1. With unit charges on the beta carbon (Lys/Arg positive, Asp/Glu negative), name the residue among Leu100, Thr89, Ile2 whose Cα is farthest towards the positive pole of the charge dipole of the chain.
2. Name the aspartates and glutamates eligible as straight-distance cross-link partners of Lys85: C-alpha to C-alpha under 18 Å, and not fewer than 8 places from it in the same chain.
3. Tell me the label-point distance for the pair Cys73, Glu7, using the 7 Å Cα-to-Cβ offset, in nm and rounded to one decimal.
4. As a test of understanding, state the convex hull volume per residue of segment 27-89 from its alpha carbons, in Å³.
5. Compare the peptides 28-37, 1-10 by average per-residue count of other Cβ atoms within 10 angstrom and give them in order, highest first.
6. Taking a temperature of 4 °C and a viscosity of 1.567 mPa s, what whole-number D in µm²/s does Stokes-Einstein yield for the chain with Rh from Kirkwood over alpha carbon pairs?
7. Just the accessible area per residue of the chain, please: how many Å² with a 1.4 Å probe?
8. For the chain, give the percent of accessible area contributed by carbon and sulfur heavy atoms, probe 1.4 Å, rounded to a whole number.
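The values are calculated or read from the model by the stated rules, or taken from the named source; none is laboratory data. Owing to the predicted nature of the structure, the values given are computational and were not obtained by experimental measurement. For neighbour counting, all protein chains shown are included, and Cβ atoms are generated from backbone atoms with ideal geometry for every residue, glycine included. Heads up: the accessible areas ignore ligands, DNA and RNA and are worked out on the full protein's heavy atoms, side chains in. Shrake-Rupley method; radii C 1.70, N 1.55, O 1.52, S 1.80 Å.
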Amino acid sequence: MIDREIEKLNDFTVTEKKLQDKIKLTRYKIDKMNEGLSIVETERKEIAKEKDRLIDEISKTESDRIRLEREKCELESQTIEINDKLEETEYKIKEMKEVLRTDYIRRK
């Protein structure tokens, strides 16, 4: 009977040892998974920062595009005004030439 109890105790000890080994292995796996999660979380944060930086850059680029479009419109408007003034000046020059020609002809 004592032999049976000793055998049961030995079986229990072997089972306990196996369970402890499984627990150690499980803890090791959990630690490795946590390390992996930590790395993934760090990379996720870096990607989020890069995304935010790119969004800011796109926003600035869009603002610059809008500003340049506005400047382009202003320059086109100024060009139209200058061309109108140029046409007006050319017309006045033609009129003055005609007046001078007429005056020249009268004098002759």
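1. The Cα lying farthest towards the positive end belongs to Leu100.
2. Straight-distance partners of Lys85: Glu74, Glu76, Glu95.
3. 9.8 nm
4. Hull volume normalised by residue count: 39 Å³.
5. On the way: 28-37: 10.0, 1-10: 8.5.
The most tightly packed comes first, giving 28-37, 1-10.
6. 55 µm²/s
7. With all protein chains present, the chain gives 101 Å² per residue.
8. After summing per-atom areas, the C and S share lands at 58 percent.
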